[in-house]
Amino acid sequence: MKKWRLCLTGAVLAAACLTGCQQKDPQPGEVAGYDEGEEYLSIWVHSIEDTEEGQAYKESVDTFNEAYDGQYFADIEFVPRNDSGGGYSDKVNASVMSGGLPDVLTVDGPNISAYAANGIIQPLADLTEEEESEYLPSIIEQGTVNDELYALGVMESSVGFYYNKDIIEEAGIEIPDADHPWTWSQFLEILEELKPLMEEKDGYCLDMTFPVGETSIYYYAPFVWSGGGELVSDDGLTVDGYFNSDQTKEAMEFFRTVVENGYMSEAPIDHLFESGRAAFKFDGAWEVNTVYTSYPDLNLGVAPYVVSDDWDGGTYTPTGSWAFAASSEATDIDAATELVKWMSGVDSGIRIWDMTKNFPSTYEAFENIDVFQTDENYSALYQQLTNYGHPRPKTPVYPQVSTSFQEVLESVALGGKDARTELDKQVERIDQKLERYTRE
């Protein structure tokens, strides 16, 4: 298969020419702390320096330079994203065309396959079995493309299926344990049982939306995976028979049933769950901290993610966040890999949690953060990641897959359109994007 680099607009190319994208090659002494005899390593991160996340990355680089004093020197550059998600990615794309990628850069988890397919990043130097085993399985799976490890996440993420303990107790409902989640059929029965109570509270059983953007596939692709389906083939190059499979169709029809039966509001309602007017909510792991800090009267619980009636016990819950990778322009892959391992390792993960409340990526980091041992909600999310985490689809056209998933979900669940027809339409669109990766 040919590798194809990302296409750029004339505006981006012009910006690249104006700003210059040649890789830094300073001499010792020209950068504070960079001394004679050290190997220079450049690193880009996607955040602003004076944010908590930016400071966490800076401190990790500082400690790397202390640990490898006399051998390596890492020089960090902050290239923040803008409101539309560009900025950082624009500079990466421009640098692919003009030259000037750093040795190491951050990559959002779902985009690792696209960066690999487009020659932006290269496989890391081999890790030992012991080194790989330090990371959650979802991190290794996310960073692996065609059996080669390209990236290691410094943080992991998840989505919780939250419930209001007081409402559930009032309804006399028992929450299942993590290894025996409610199936769709069982959950629909629970929602029907809850509906009169929630109508009395001027609310809904579910605080749930199908938003535009990445959120939809992040939150709801697990409903496909739990039925044994996948949205793309293992090599990321085929969607026909996957994206439009029976499992995907059944998941979309399940969501239509939820909407038709009035278990959720078709229009978003701010703070529906937090105000006590919803029994359940799907939301990111950050919801725990939000409730603890802003809604302390809410008696919060985390239930197992709901599964298809055909679930066989396999992985299916949401994962994926920012990772570090070696660029294709890194000439010393061993040195770049050392920096990647450091930036994603135990100490960096603990620092990320302490400063940003993003989950770390290694077992040891979780074990050294007290809240994951003592708080039942954080512990439940950690166990969910460890035992059932499933990366988002790995394909060079991931952005189109994500957009197509959201559009089908909206048109079927909210618009009542035929699921099979809508899925087939989107397969044609994704195939158009895949063509340049599959042609001989």
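Structure data summary
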item	result
Listed residue (Gly37, Leu339, Val96) projecting farthest to the positive dipole end of the chain, Cβ model	Val96
Size-normalised alpha-carbon gyration radius of the chain, reference 2.2 N^0.38 Å	1.02
Footprinting exposure proxy for Lys165, Lys394, Lys281 (fewest neighbouring C-beta atoms within 10 Å first)	Lys165, Lys281, Lys394
Sorted by Cβ neighbour density within 10 Å, fewest at the top, the residues Val397, Val258, Val288	Val258, Val288, Val397
For segment 52-91, the Rg and Dmax computed from alpha carbons only, in angstrom	13.1, 41
Burial ordering of Ser294, Ser47, Ser344, Ser233, fewest other beta-carbon atoms within 10 Å first	Ser294, Ser233, Ser47, Ser344
Entries in Lys165/Lys201; Lys58/Lys91; Lys249/Lys357 that, when Cα-Cα distance is taken, lie over 26 Å	Lys249/Lys357
Selected from Pro399, Leu385, Phe366, residue furthest toward positive end of dipole (segment 355-427; charges at beta carbon)	Pro399
Sum of -39500 (n - 2.57) over DSSP H runs of 4+, divided by residues of the chain (222 nm, nearest 500)	-12500 deg cm²/dmol
Dipole magnitude of the chain, debye to nearest 20 (Cβ charges: Lys/Arg +1, Asp/Glu -1, about Cα centre)	1760 debye
Within segment 201-300, GluC sites (Glu not before Pro) in DSSP loop having at most 15 other beta-carbon neighbours inside 10 Å	Glu266
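Every read-out reported here was derived from the displayed coordinates using simple, explicitly stated rules and does not represent laboratory data. Keep in mind the model is a prediction, meaning the values are calculated, not measured. Positions of Cβ are backbone-derived with ideal geometry, glycine not excepted, and every protein chain shown enters the neighbour counts.
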